[in-house]
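This report refers to the structure that appears directly beneath it.
The values are calculated or read from the model by the stated rules, or taken from the named source; none is laboratory data. Quantities reported herein were computed from a predicted structural model and do not represent experimental measurements. With ideal geometry, Cβ positions are generated from the backbone for all residues, glycine too; neighbour counts draw on all protein chains shown.
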């Protein structure tokens with residue numbers, strides 16, 4: 001049994017990238033279960049045989065899509081870290097990034113939340129990847145909190161704000177949940193702000 005990770009073991013080939021990109025779009029639009037491999041092949045402009053060579057099963061396609069989403073999320077976090085001068089600003093920057101995501105007309109919710117809701121009960125591999133993603137988010141927040149002199153335990157609350165905003169935005173089709181979550185995060189962090197004021 002292959003140990004599933006959030007990071008692909010190797011770089012996607014061009015064919016694999018085309019296939020996972022097409023699958024990502026279709027899964028976002030329709031959910032995973034209704035989409036057929038033939039539809040993915042058609043969207044990617046390839047034959048079913050070529051798709052099967054790139055990704056032999058629907059599950060391998062779902063995993064590739066989730067890995068794409070996680071990679072995009074990690075790159076966004078790295079970009080926020082590189083452009084933030086203060087750990088508190090870094091955390092607030094995550095909610096700014098979420099607001100940008102939620103404002104996109106194509107936003108249909110977090111792929112990990114959607115994937116777990118749709119497949120988690122019947123596919124333990126997908127459920128495990130979702131758990132790993134959520135733990136990775138919380139672990140990142142824990143490190144940022146520690147750098148900012150804040151208790152590590154508030155990272156769990158901040159993680160809940162992120163995931164809750166993702167769910168509510170998908171239901172409401174609105175970017176407002178990101179703004180509300182950002183305000184709440186700022187209030188939580190202010191309790192631990194020991195910086196002198198002048």
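Here are some notes:
- Unmet criterion (only one of (1) in contact with a helix residue (DSSP H, G or I) (Cβ under 6 Å, 6 or more places away or on another chain); (2) more than 22 Å from residue 167 (Cβ to Cβ); (3) buried (at least 21 other Cβ atoms within 10 Å of the Cβ)) for residue 129: (2)
Here is a yes/no grid of residues against (1) in contact with a helix residue (DSSP H, G or I) (Cβ under 8 Å, 6 or more places away or on another chain); (2) at pLDDT below 95; (3) within 21 Å of residue 120 (Cα to Cα):
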site: 3; (1), (2), (3): no, yes, yes
site: 7; (1), (2), (3): yes, yes, yes
site: 11; (1), (2), (3): no, yes, no
site: 17; (1), (2), (3): no, no, no
site: 21; (1), (2), (3): yes, no, no
site: 24; (1), (2), (3): yes, no, yes
site: 33; (1), (2), (3): yes, no, yes
site: 41; (1), (2), (3): yes, no, no
site: 46; (1), (2), (3): yes, no, no
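- Selection within the stretch 39-57: residues that are surrounded by fewer than 16 Cβ atoms within 10 Å (Cβ to Cβ) and assigned to a helix (DSSP H, G or I). The member of this set that is farthest from the chain's Cα centre (by Cα) is 49.
- Candidates 155, 117 - the one that is in contact with a helix residue (DSSP H, G or I) (Cβ under 7 Å, 6 or more places away or on another chain) and either surrounded by fewer than 16 Cβ atoms within 10 Å (Cβ to Cβ) or outside the structural domain of residue 24 (by TED's automatic domain parsing) (or both): 155
- Any hit, the stretch 97-118, residues being at pLDDT 95 or above and more than 23 Å from residue 25 (Cα to Cα): no
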